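Heads up: the structure comes next, in structure tokens.
The values are calculated or read from the model by the stated rules, or taken from the named source; none is laboratory data. Just so it is clear, the structure is predicted and the values come from calculations on it, not from any experiment. Positions of Cβ are generated from backbone atoms using ideal geometry, with glycine treated the same way; all protein chains shown enter the neighbour counts. All accessible areas refer to the heavy atoms of the entire protein, side chains included, with ligands and DNA or RNA removed. Shrake-Rupley method; radii C 1.70, N 1.55, O 1.52, S 1.80 Å.
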Amino acid sequence: MTVHRPAARGTALGDTHQSLRERVYVELRERIIEAEYPAGTRLVEREIADELRVSRVPVREAMQRLESEGFLSVQPRRGSVVADFGPEDAEYLFDVRANLEGLAARLAARHASAVQLRDLERLLARARKAAESGRLRELVSLNADFHRRIVELSGNPLLVDLMAPLDSRLRRLFRLTSAQSDGEPMCGAHERLYEAVRDRDEDGAEALARAHVADTRASAARLLAAFPAEPEKAS
């Protein structure tokens, strides 16, 4: 039962084009995804506000948003706690992904421009190098970027909006399972999907996307069953 404690020195948020509310939300979300706040960690609004050197209002709003997205849960007598991500959560995610990512791949094969395809190819090259060098954290980020890019290449803004809330959950899943998984097969699957999109093979792209989701679903189920919960930090 872990309570988040602020660091010895404050962690001020950097200046970006984002609003303060958005920066606080992104910071807390990334800490959950990267397991800096493992499942079961209790987040205390006042302490986080002190650490980030902001008022409690943007922290409260960020935590409410994270709760609505399934990253936090409110428990009696404990308050806001980082939610677990187990096999059942992965199943829900994959049920949705199989259909939406299949459609995204089909539309990407139809609409992707030459410039977009070159950018996607460069991203895959970086992912391949990260896999070969064993840079797992970078590989996790690049693999999630690949899935997001395919959705963006669909040219369908409604599909992009529908998939956006799933992106962070997908990144959290990749992060949880990366230490026990092999990046080589995933790189190969992404490269084959890229080739189908590049070749304007709509049927092939959709089939490959669905097959890839099925493969990662089976792999994630095995890994999450073996490691059902994120390790908690000591208080």
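Some points to look at:
- Test: Glu61 is more than 30 Å from Glu191 (Cβ to Cβ), touching a helix residue (DSSP H, G or I) at 6+ places or on another chain (Cβ under 6 Å) and of a type outside the set (A, V, I, L, M): yes
- The number of residues in segment 24-57 that are under 22 Å from Arg171 (Cβ atoms), in contact (Cβ under 8 Å) with a residue 12 or more places away in the chain and not aliphatic (A, V, I, L, M) comes to 8.
- Matching entry among Leu120, Leu124, Leu136 (being open to solvent by 10 Å² or more (accessible area, probe 1.4 Å) and at pLDDT 95 or above): Leu124
- Residues of segment 34-68 satisfying the condition of being touching a Leu at 6+ places or on another chain (Cβ under 8 Å) and either open to solvent by 30 Å² or more (accessible area, probe 1.4 Å) or in a loop (DSSP other than H, G, I, E, B) (or both): Ala35, Tyr37, Arg53, Val54
- Tally, over segment 83-140, of residues that are of a type in the set (Gly, Ala, Ser), out of contact with any Pro (no Cβ under 6 Å at 6 or more places or on another chain) and closer than 14 Å to Arg172 by Cα: 2
- Of the residues making up segment 103-129, those that are out of contact with any Cys (no Cβ under 8 Å at 6 or more places or on another chain) and over 18 Å from Asn156 (Cα atoms) number 8.
- Test result for Ala209, open to solvent by less than 20 Å² (accessible area, probe 1.4 Å) and touching a helix residue (DSSP H, G or I) at 6+ places or on another chain (Cβ under 6 Å): yes
- If the condition is being part of a helix (DSSP H, G or I), surrounded by 16 or more Cβ atoms within 10 Å (Cβ to Cβ) and not basic (Lys, Arg), then segment 97-116 contributes Ala98, Leu100, Glu101, Gly102, Leu103, Ala104, Ala105, Leu107, Ala108, Ala109, Gln116.
Results for (1) under 17 Å from Arg110 (Cβ atoms); (2) open to solvent by 60 Å² or more (accessible area, probe 1.4 Å); (3) of a type in the set (S, T, N, Q), shown as yes or no for each residue.
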site: Leu153; (1), (2), (3): yes, no, no
site: Val160; (1), (2), (3): yes, no, no
site: Ser168; (1), (2), (3): no, no, yes
site: Leu176; (1), (2), (3): no, no, no
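- Inter-residue pairs, beta-carbon under 6 Å, first outside any helix (DSSP H, G or I) and in segment 154-169, second open to solvent by less than 60 Å² (accessible area, probe 1.4 Å) and not acidic (Asp, Glu), 6+ apart: Ser154/Ala104; Ser154/Leu107; Ser154/Ala108; Asn156/Leu107
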